[in-house]
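Trainee: Below you'll find the structure I mean.
The values are calculated or read from the model by the stated rules, or taken from the named source; none is laboratory data. Here the structure is a predicted model, which means the values were calculated and not measured. Don't worry about glycine lacking a Cβ; one is built from the backbone with ideal geometry, like all the others, and counts go over all protein chains shown. In case anyone asks, the SASA skips ligands and DNA or RNA and just uses the protein heavy atoms, side chains included. Shrake-Rupley method; radii C 1.70, N 1.55, O 1.52, S 1.80 Å.
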Amino acid sequence: MNAANLAMREDFPILKRSANGHPLVYLDNAATTQKPQQVIDTLADYYARYNANVHRAVHALADEATQAFEGAREKVRAFIGAAHTQEIIFTRGTTEGINLVAASLTSRIGANDEILITELEHHSNIVPWQMLCERSGATLKACHVTSTGELDIDDFHEKLSRRTKLVAFGHVSNALGTVNPVDELIHAAHKHDAWVLIDGAQAVQHVPVDVQALDCDFYAFSGHKMFGPTGIGVLYGRLELLDALPPWQGGGEMIEHVTIERTTYNQLPYRFEAGTPNIAGAIGLGAAIDYLNGLPRPELLADEQALVALTISRLKQLPGVRLIGDPAERLSVVSFLIDDCHPHDIGTLLDQQGVAVRTGHHCAMPLMQRLEIPGTIRASFSLYNSGQDVERLVAGVEKAIDFV
Ligand code: C6P
């Protein structure tokens, strides 16, 4: 453990607690990360000092809340390198961002069109497109995954066609940690005049993201996977594209003028933010961004990558352990199975030793079907994890193997 890692751990009060009588080892960061005191304090401060609805009233509290809420939008814009704050839409999370795009695209997709996804996707990046295809008659295609858990790039290029209207894929796989060759995929999709949506849920915490450098059309992510609160996320959309899309939900805030007969809509980004937003969540996300910006991120990421490599090499030495996926580029996630054991049994045995991992299909059932496995045991790392956490995981797995 180095100084930066030690200092960071101090910011997370939950890391001091125990679970089932053992000091907690939290390796379920792909599901949600823990929250630093700075984010917890920001949430409490909002509710204690300036809780009010935003954009609606002239009183002092409303003004303070609106400024903090819009300030958070600007922090998000800078964090992902977007050109305009109008391109930053607050959502409930990655899932809602993708559903927003799928719903708004309904009028732009027809029966002759195709949507291309991949077998690596989380259900959030599959089901909304299936629903869009049901509504529009369009066809959903999925790029195959190799046995190492990487995209079959030849298959991707083969499945792209003049009919492809939209290509949607994850930046990083939540089940295997595979980092996709996003630049190549975006470039190929744009050559076919297809829009590109990136599911960035598993990337933003770990690597810097610049949506302009990427040149993607949409990028969705969740606050709770990057040290922020649950119930808040972001959809980035390219300005011209968002401008041309109809709103998806109707209600307060998204309107300009309403009569009983018809409504004209508000400008961006409010057109896509019907109803009272998650104000505390957005401000808390802003605090999480401030927190991330204050960390020596490259150093901490290098350490996290070293822990992933250490975990892989230690698990490989254990009898009966089968690592799932062997991508050339990987972030944060190590998935594995133990011969003749159900993943849930191993997860429970690890929990009894204070080690939190996730087991099961990880909301990626098509990937599990492709790999012909019921699920995996998944250890997922964050910037605050330590070498001790790896040792406790490996010791826990050894004990579980002895027990079963
Ligand atoms: N994955 C996991 O344990 P929401 O729920 O909207 O914040 O994020 C959905 C989502 C979308 N895409 C990817 C790649 C994801 O990993 C997730 C969430 C968690 O892997 C919970 S299923």
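Trainee: What does DSSP give for the chain in terms of the percent of beta bridges that are antiparallel, rounded to the nearest 5? Spell out each step's value before the answer.
Mentor: Values: 28 of 47 bridges.
Restricted to the chain, the bridges split so that about 60 percent are antiparallel.
Trainee: Hey, can you grab everything whose amide H is under 5 Å from the amide H of I255? Only 5+ residues off in sequence or another chain; H modelled, so Pro and N-termini drop out.
Mentor: N266
Trainee: Now, a different point. Could you order W195, W248, W129 by accessible surface area, starting with the largest, using a probe radius of 1.4 Å? Don't skip to the answer; put the middle values down first.
Mentor: On the way: W195 35, W248 75, W129 0 Å².
From most accessible down to least: W248, W195, W129.
Trainee: Follow-up question, since we're still on this one. Summarise the accessible area of the stretch 1-106 (1.4 Å probe, protein heavy atoms) by the percent that is carbon and sulfur.
Mentor: Numbers: 2550 of 4740 Å².
Percent of accessible area from carbon and sulfur atoms in the stretch 1-106: 54.
Trainee: Moving on. Before anything else, pin down the relative contact order of the stretch 41-293: Cα pairs under 8 Å, at least 6 apart, normalised by residue count, whole percent.
Mentor: Working: 481 pairs, mean separation 61.7, N = 253.
Relative contact order of the stretch 41-293: 24 percent.
Trainee: Kindly list the residues of the stretch 1-35 that lie in the label zone of K399, defined by a backbone N under 11 Å from the point 7 Å along the Cα-to-C-beta vector.
Mentor: 20-23
Trainee: Moving to a separate point now. For the chain, what class follows from the C-alpha gyration tensor (a ≥ b ≥ c being the square roots of its eigenvalues): rounded when a/c is under 1.5, otherwise prolate if a/b is larger than b/c, else oblate? Walk me through the numbers before you get to the answer.
Mentor: Details: a/c = 2.11, a/b = 1.25, b/c = 1.69.
Oblate is the answer for the chain, as a/c is 1.5 or above yet b/c matches or exceeds a/b.
Trainee: In Å², and per residue, what accessible area does the chain have when probed at 1.4 Å with the other protein chains present? Provide the component values of the computation, followed by the final result.
Mentor: Working: 16600 Å² over 404 residues.
It amounts to 41 Å² per residue over the chain.
Trainee: Return the whole-Å distance between the Cα centroid of the stretch 271-335 and the Cα centroid of the stretch 80-125.
Mentor: 22
Trainee: Moving on. Given a 1.4 Å probe and the protein chains all in place, what does the accessible area of S161 round to, in Å² to the nearest 10?
Mentor: For S161, the solvent-accessible surface is approximately 30 Å².
Trainee: Classify the stretch 196-283 as rounded, prolate or oblate, taking a ≥ b ≥ c as the square roots of the eigenvalues of its Cα gyration tensor: rounded when a/c is under 1.5, otherwise prolate if a/b is larger than b/c and oblate if not.
Mentor: Judged from the Cα gyration tensor, the stretch 196-283 comes out oblate (a/c at least 1.5, b/c at or above a/b).
Trainee: Which of the residue pairs K225/K316; K141/K191; K35/K399 have a Cα-Cα distance greater than 24 Å in the structure shown? Walk me through the numbers on the way to the answer.
Mentor: Values: K225/K316 28 Å; K141/K191 18 Å; K35/K399 30 Å.
Distance filter (> 24 Å) returns K225/K316; K35/K399.
Trainee: Could I ask something else about it? Taking the stretch 261-334, which GluC sites (Glu not before Pro) meet the DSSP loop condition and have no more than 11 other C-beta atoms within 10 Å? Intermediate values should be presented prior to the final figure.
Mentor: Details: sites: E261, E273, E299, E304, E329; in loops: E261, E273, E329.
Those satisfying the criteria are E261, E329.
Trainee: In the stretch 361-404, what GluC sites (Glu not before Pro) fall in a loop by DSSP, with at most 14 other Cβ atoms inside 10 Å?
Mentor: On the way: sites: E372, E391, E398; in loops: E372.
Loop-located and lightly packed - E372.
Trainee: Hey, what number do you get for the chain at 222 nm if only DSSP H runs of n ≥ 4 count, each worth -39500 (n - 2.57), divided across all residues, to the nearest 500? Provide the component values of the computation, followed by the final result.
Mentor: On the way: 14 runs with 159 residues, N = 404.
Computed mean residue ellipticity for the chain: -12000 deg cm²/dmol.
Trainee: Of the candidates H123, H171, H22, which one comes out as most mobile in a Gaussian network treatment of the chain with C-alpha springs shorter than 10 Å?
Mentor: Among H123, H171, H22, the largest GNM mean-square fluctuation belongs to H22.
Trainee: How much accessible surface area, in Å² rounded to 10, belongs to the heavy atoms of R135 with a 1.4 Å probe?
Mentor: Accessible surface of R135 is approximately 120 Å².
Trainee: Gaussian network model of the chain, Cα springs within a sub-10 Å range: biggest mean-square fluctuation belongs to which of I232, I373, I283?
Mentor: It is I373.
Trainee: Shifting gears a bit: Mind checking which of Y291, Y47, Y270 has the largest fluctuation in a GNM of the chain, springs on alpha carbons under 10 Å?
Mentor: It is Y47.
Trainee: Sort the following peptides by mean Cβ neighbour count (other Cβ atoms within 10 Å, averaged over residues), highest first: 337-346, 200-209.
Mentor: Numbers: 337-346: 16.6, 200-209: 23.5.
Ranked by mean Cβ neighbours within 10 Å, highest first: 200-209, 337-346.
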